[in-house]
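Here's a structure for you.
The values are calculated or read from the model by the stated rules, or taken from the named source; none is laboratory data. Nothing here was measured: the structure is a model prediction, and the numbers come from that model. Every residue, glycine among them, receives a Cβ derived from its backbone with ideal geometry; neighbour counts consider all protein chains shown.
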Amino acid sequence: MKWRSLPIVAFDTETTGLTPFSGDRVIEFAAVRTFLTEDGRVGPIEAFSWLVNPGIPIPKAARDITGISDADVAEQPGFDAIAPQVRELLTGAVTVAHNYPFDLAFVTLELGRSGLTWPHPSAEIDTVDVSLRAFPDAKGHRLGDLCERLDVVLTGAHRATNDAEATLRCFAELTRRHQVVDDLQALLEWSGGIGLPPNDGPLVVDDHGNVRLAVGPHEGALAGDHPVHLHWMLKARRRTERGWSWRFPEGTRRWIERFLAARGSGRAAQGEKATRPEEWGLDPCISARGARGGPASTPFESEVGGLTAAMVGP
């Protein structure tokens, strides 16, 4: 598939705080959508932006950073009112965000409160990861740092629309400078991003865009709810007449490898001496259910108990 034929959607959230699994909520969601030109530059941009009533007071720290107050959102709808539009906007697109796991966690939880799921776009690309790959010796990888290195103008930082557009322009400039070929898998390999898995049996995409396990003890479950099982699938082998071979197809294993790297590796400190929570990115390994004191999303004990034996299989 050619990724330049797909819409590029960069999105950003402003929130009441940094801990979505402990009750923080979205107060602004914005996305910008475009198609790149033949020479890889940003084409005409469509902007989508909503202020959101979080249903809780906005702390002073969030007001100081974003400039959004309780009065600004008092007459605005809750996220449930815009959830279908947000999901439709992301579906099928090459989606881009700066520190993707942070925005992903907030948006996924907000969608869940409306009875909707994350749509698993055609591509999920984190410009923090791309910055780390493109500028490995750089001291900082914040959005402002990346904009400065790429000569992208960022005005009005910490408002969702402005940050989303800057992220979009950084993504376009990076793909142009690195001459990323017009092939979706090549884009995912270059960026370390996640796309939809191949429908080759072990993983399937349902009618709502959810990636589900199609075989094994968790058949029918969301793949992302079982990272330990995914890791087993990545390493599992089976005995054949010609010796040991991989249990699952290469396409599946490559998707799992990228998925676990993007969703399960956490995020390093954004500065040389980061000591405060806001200087660290969200760890995407955190389970929304487990973090609230409920049952963990992965039955770790049962999966790990049989991991060694199951690794080689019958």
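Given the conditions (1) assigned by TED's automatic domain parsing to the domain that holds L143; (2) crowded, with 19+ Cβ neighbours inside 10 Å, and given that H178 satisfies all but one, which numbered condition is not satisfied?
(2)
For the range 84-117, enumerate the residues that are acidic (D, E) and in contact (Cβ under 8 Å) with a residue 60 or more places away in the chain.
If we filter the range 84-117 for residues that are acidic (D, E), which is where we start, we get 88, 103, 110.
Correct list: D103, E110.
Give the range 227-265 a look and list any residue that's hydrophobic (A, V, I, L, M, F, W, C) and part of a helix (DSSP H, G or I), or say none. Quick ask: steps written out before the conclusion?
The first filter runs over the range 227-265 and keeps only residues hydrophobic (A, V, I, L, M, F, W, C), leaving 228, 230, 232-234, 236, 244, 246, 248, 255-256, 259-262.
Residues satisfying the conditions are V228, L230, W232, M233, L234, W255, I256, F259, L260, A261, A262.
Pairs, please: C-beta under 6 Å, at least 6 apart or cross-chain, first residue assigned by TED's automatic domain parsing to the domain that holds V42 and surrounded by 14 or more Cβ atoms within 10 Å (Cβ to Cβ) and in the range 137-162, second basic (K, R) and modelled with pLDDT of 85 or more?
Every condition considered, the pairs that remain are V152/R169.
Of all residues being surrounded by fewer than 17 Cβ atoms within 10 Å (Cβ to Cβ) and among the aliphatic types (A, V, I, L, M) in the range 39-80, which is farthest from G112 (Cα to Cα)? Just the residue, please.
Ranking the qualifying residues of the range 39-80, first place goes to I45.
Step by step: first the residues of the range 226-283, then only those that are at pLDDT 90 or above and of a type in the set (S, T, N, Q), then the one that is farthest from L146 (Cα to Cα). Which residue is that?
S245
For E257, which of the numbered conditions (1) touching a strand residue (DSSP E or B) at 6+ places or on another chain (Cβ under 6 Å); (2) within 21 Å of D126 (Cβ to Cβ) fails to hold?
Against the list (1) touching a strand residue (DSSP E or B) at 6+ places or on another chain (Cβ under 6 Å); (2) within 21 Å of D126 (Cβ to Cβ), E257 comes up short only on (1).
While we're here: Of the residues D24, D39, only one is under 30 Å from L260 (Cα atoms), touching a residue at least 40 places away in the same chain (Cβ under 8 Å) and not in a strand (DSSP E or B); which? Reasoning before the result, please.
Details: D39 fails: under 30 Å from L260 (Cα atoms).
Residue meeting the stated conditions: D24.
So, one more: Output the residues belonging to the range 237-257 that are among the small types (G, A, S) and within 14 Å of E189 (Cβ to Cβ). Please lay out each step first, then the result.
Restricting attention to the range 237-257, the residues satisfying the condition of being among the small types (G, A, S) are 243, 245, 251.
Result: G251, single match.
If you check L184 against the conditions, is it at pLDDT 90 or above and either farther than 16 Å from Y100 by Cα or not assigned by TED's automatic domain parsing to the domain that holds F48 (or both)? Please lay out each step first, then the result.
Values: at pLDDT 90 or above: yes; either farther than 16 Å from Y100 by Cα or not assigned by TED's automatic domain parsing to the domain that holds F48 (or both): yes.
So L184 fits the description; yes.
Could you tell me whether T117 is closer than 30 Å to D39 by Cα, surrounded by fewer than 20 Cβ atoms within 10 Å (Cβ to Cβ) and under 15 Å from the mean Cα position of the chain (by Cα)? Show your work before the answer.
On the way: closer than 30 Å to D39 by Cα: no; surrounded by fewer than 20 Cβ atoms within 10 Å (Cβ to Cβ): yes; under 15 Å from the mean Cα position of the chain (by Cα): yes.
In short, no.
Need the failing condition index for V128 against (1) under 28 Å from N199 (Cα atoms); (2) touching a Lys or Arg at 6+ places or on another chain (Cβ under 9 Å), just the number.
(1)
Now a separate question. Which of the residues spanning the range 145-188 are closer than 30 Å to R254 by Cα, touching a helix residue (DSSP H, G or I) at 6+ places or on another chain (Cβ under 6 Å) and either of a type in the set (S, T, Y) or outside any helix (DSSP H, G or I) (or both)?
The answer is T167, V180, D182.
Taking R159 as meeting all but one of (1) modelled with pLDDT of 90 or more; (2) out of contact with any Cys (no Cβ under 8 Å at 6 or more places or on another chain), write down the number of the exception.
R159 satisfies every listed condition except (1).
Have a look at G224, G216 and point out the one that is part of a loop (DSSP other than H, G, I, E, B) and touching a helix residue (DSSP H, G or I) at 6+ places or on another chain (Cβ under 8 Å). Reasoning before the result, please.
Numbers: G224 fails: part of a loop (DSSP other than H, G, I, E, B).
Going through G224, G216 in turn, just one is part of a loop (DSSP other than H, G, I, E, B) and touching a helix residue (DSSP H, G or I) at 6+ places or on another chain (Cβ under 8 Å): G216.
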